[in-house]
Amino acid sequence: MVPSRPEAALPPDAFMKLGITSKLFFAILFCCVVVALAIGAASRLSFKQGFLDYVSQRDAQRLETLKSSLVEAYREEGSWAFLQGNERLWRRIVRAEARLERPPGRADHPLGHHGFRLPLPPLTLLDEQGRVVAGAPNWPSDATRTALQLDGRPVGWLVSMPVSRLTNAADLRFQEGQLKAGWLFAVLGVLLAAAVAMLLARVMLVPVKRLAAALHQLAAGDYSTRVEASSRDELGRLGGDFNRLARVLENNERMRRHFMADISHELRTPLAVLRGELEAMEDGVRTPTPEALKSLQAEVSTLSKLVDDLYELSLADVGALSYHMEVFDPLEVLQQALGAFGERLQSREITVENRIPPAAGWMVEADPQRLLQLFNNLLENAVRYTDPGGKLRVGVNRDGDRLRVDFQDSEPAVPPEALPRLFERLYRVEGSRNRASGGAGLGLALCRSIVEAHGGEIEARPSPLGGLWISLTFPLRTR
């Protein structure tokens, strides 16, 4: 018959499967138990040694009293004859069973004035020659011999045994009672510690449980979840970080939805125009004239630019947009861009105020083609959205160790609340940035990616000319 296997012990990872409340409770309780045991053990040792010292001092004081009484008795009797062979009297003295009896015929005997009920250790009385008068005839080597002196001369010796352990029943009962009380208090302390540990574990973990529940909601897609972060400790800072994360995720989700809606709209419009034009030609409603083909080509160009901008933005997001850095003068690239837009600016009667200093010798480390693309996007933005007959001011200045390039145009203005959002993808200001002016709202977003890739900054603010002011800064480099 195969013997039954004993119950399996608690697996090593069982503690890891407990909840954080239980772990914190057991951790606090374990510390309290260890402290209680250490205090109990230390108190036990300290009490035992201290009580033994107390008994030794008490016996020493009683021995002094006994010595004085014995010396006075010797003075009265003139010798130790009254104790010689009187073991009964001697035992009653040292064992303190009753008050000492007076010797016959001596009502004023000195020993008769003292009653001893002191549990003294074994004693031996010796005369002046060291002969045993009363008590034990033998004693250990570590016994203490104390002289009994009368008027400065020794008349006997009192031999006492050292107190190394308690022998009196009353002392033992007192010591055991105190030790039991100490352990009882230790047990009560552990129980109280367990109650306090449970209370602390529950109270301290309330914000943790609240944060865990909020994390579950956040993981389920509820980005509007927030937690209360009123405390200033680590949990309060963690709650604040959680709220910031939730806000970022909520904004990203909103931008993603807006992006999908906007990009669908941007693709649908030119495709609808192309479909309408092609269907009209197919049905014979419209003949394929050069003007009709030119209109179709314009819509195809719009689609191509939108797709190209989206592709470059996606490359910038993953850090795959290529840059070929070199140190050069950016003013030449800016002049080149202005020259390329000269005819379009004149056709819209936009006056250009060129404040680019000639041959300033300011060098930057950048990709010339990307900078040209950046300047072209900003000039394209100014041409499209500046009213005919307006003004465009282009200036370059040095600001410490940075190069600042400014594009300022005239009306229409951009509302102040819309300025921080100008660099978002597919964002257009109502009234001034609409599809009739062209563009899908990707140009400025691409401009920000290019500027940040060069270690620069881009900022939008109201222009003193009444329109928009785009300010660029780049770190200067030496040759």
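Just so it is clear, none of the values below were taken in a lab; they were calculated from the coordinates. Bear in mind the structure is a predicted one, so any value in this text is a computation, not a measurement. Here the Cβ positions follow ideal geometry from the backbone for every residue, glycine too, while neighbour counts run over all protein chains shown.
Here are the numbers:
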| read-out | value |
| --- | --- |
| Computed E for residue 326/residue 206 - FRET, C-beta separation, R0 60 angstrom, nearest 0.05 | 0.50 |
| Other-chain or far-sequence residues with amide H under 5 Å of residue 155's (modelled H) | 148, 149, 150 |
| Candidate lysines for bridging to residue 180, where Cα separation is under 20 Å - those fewer than 8 sequence places away on the same chain excluded | 48 |
| Sequence ranges 216-224, 379-387, ranked by mean other-Cβ count within 10 angstrom, highest first | 379-387, 216-224 |
| Burial ranking of peptide ranges 231-242, 366-377 (average Cβ count within 10 Å, highest at the top) | 366-377, 231-242 |
| Per-pair calculated FRET efficiency, R0 = 45 Å: residue 46 and residue 147 via Cβ, rounded to 0.05 | 0.85 |
| Linear extension gain, residue 372 paired with residue 81, 0.36 nm per residue minus alpha-carbon span | 91.6 nm |
| Spin-label pair residue 88/residue 471, simplified geometry with 7 Å Cα→Cβ offset, distance in nm | 12.0 |
| Linear extension gain, residue 249 paired with residue 37, 0.36 nm per residue minus alpha-carbon span | 71.2 nm |
| Cβ crowding within 10 Å averaged over residues, with 39-49, 64-74 ranked highest first | 64-74, 39-49 |
| Whichever lysines have a C-alpha closer than 20 Å to that of residue 209, once near sequence neighbours (fewer than 8 apart) are set aside | 17, 23 |
| Segment residue 62-residue 404, extension gain: residue separation times 0.36 nm, minus the distance between their alpha carbons | 113.0 nm |
| Within straight-line cross-link reach of residue 294, lysines at Cα separation under 17 Å, skipping those fewer than 8 residues along the same chain | 305 |
